[in-house]
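Derivation of every value follows stated rules applied to the coordinates shown; laboratory data play no part. None of these values were measured; they are calculated from a predicted model. Here Cβ is always computed from backbone atoms with ideal geometry, including for glycine, and neighbour counts include all displayed protein chains.
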Amino acid sequence: MNNSPKIFLAPVSSTELYKNYQKTVMVGIEKQDFLGFNNTSSYKKLLTNSEIIRVWGIKNVKLTSFNKASIGDIVFFYHKGFIVGKADIDFKDKNQVLSNQLWCSDFDKLRNSTEYWENILFLSNFSIINCSFNVLIDFANYSPIASVRSFNEYSPIGLENLLIKYSTIDNFIKKHK
């Protein structure tokens with residue numbers, strides 16, 4: 001079970017985040033349109049396998065979690081008590097210019113600074129799922145009122161328990177489509 005990919009949880013519960021999720025993950029961006037954005041020419045060789053580009057951005061405040069994510073790891077998207085989507089991480093990059101074009105910026109009043117979702121995950125194998133977050137809460141022994149507030153790695157104990165029951169993450173996803 002140690003060679004299993006890690007699972008990361010990404011919240012998309014606010015109206016703005018859900019719209020961004022729909023635009024850049026669910027629907028994705030036509031490759032030709034994506035390569036028309038500034039600062040994307042370096043991706044051309046990496047994006048040969050797909051005509052639809054799927055990306056998700058993470059703010060610097062969650063840089064530690066972003067840095068823990070590896071190629072082949074899985075992102076579960078969380079929306080109002082449910083895991084609504086899944087995608088695999090193909091590669092990662094930091095690109096503030098692209099982030100601003102895709103999702104604009106966010107002014108953080110507490111920090112009095114402009115923030116970007118500049119830590120970008122390039123995703124593949126997207127699928128819609130419909131799984132109550134309570135299932136993942138139970139596997140990880142989280143508090144019954146737990147929710148996903150920021151990009152974080154799912155509990156390794158929860159992942160282990162999920163694999164004990166379903167053998168693979170793919171089996172878990174098939175059960176919850």
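A compact table of results
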| item | result |
| --- | --- |
| Burial order of peptide ranges 142-148, 166-172 (average beta-carbon count within 10 Å, highest first) | 166-172, 142-148 |
| Centroid-to-centroid separation of segment 4-29 and segment 117-153 [C-alpha atoms, Å] | 10 Å |
